[in-house]
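Structure first, then comments.
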Amino acid sequence: MHCPFCQHADTRVLDSRVSEDGATIRRRRGCEACGERFSTLETIELKLPAIIKSDDRREAFDARKLRAGFDRALQKRPVSDEQVEAAVRAVVHAVRMSGERELPSRRVGEFVMEQLRKLDHVGYVRFASVYRSFEDVADFREELDRLEREVPGEGQLPLLDGEPAAAARGPERPRRR
């Protein structure tokens, strides 16, 4: 591997550690020429299906775009990075397990919405509003009504202040502002 500092062609591995989830290996490397140290992450490279966009373009699946979508939907929400990473891994796993060579972007969006629904209902509604192209308040209300009919996952904040069904769902956590 080339040194990112001096571009020397040879570096050596000083230390290797497997991540907690077992999906990556972190390697600490040192450059033989300049002595600088840096870290690399090694992950399994599996062929993921191409994504068919709504305008029929095909593009390679990009987990960074997936993570950015989760980050936008969950901006300023009480969801940890570990939870988001687990959700991203779940979507990547679902995409991989589809067994398809090409997958419509709508199907990937459904996988994302499934994970967001488990993580945070506000993030789910944010994503759904863009994904389903909500045009007015009635579209939001319809989606909120659909969510309120379901029992939320443990630790979910209520969708609306003073929501009457909140008591039936268990104790409410204090709202973060």
Linear extension gain, E142 paired with R64, 0.36 nm per residue minus alpha-carbon span: 25.0 nm
Note down the Stokes-Einstein diffusion coefficient of the stretch 50-152 in µm²/s, whole number, using a Kirkwood radius over alpha carbon pairs, 20 °C, and 1.002 mPa s. 149 µm²/s
How about K118: which lysines have a C-alpha closer than 19 Å to its C-alpha, ignoring those fewer than 8 places off in the same chain? K76
Quick check for you: which residues of the stretch 136-150 have the amide N under 17 Å from the point 7 Å beyond the Cα of S129 toward its beta carbon? 136-148
Are there any GluC sites (Glu not before Pro) in the stretch 51-101 that are in a DSSP loop and have at most 16 other Cβ atoms within 10 Å? List them by number. E100
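Bear in mind these aren't lab numbers, they're just calculated from the coordinates by the rules spelled out. Quick caveat, the model's predicted, so the values are computed rather than measured. Backbone-built Cβ (ideal geometry, glycine too); neighbour counts: all protein chains shown.
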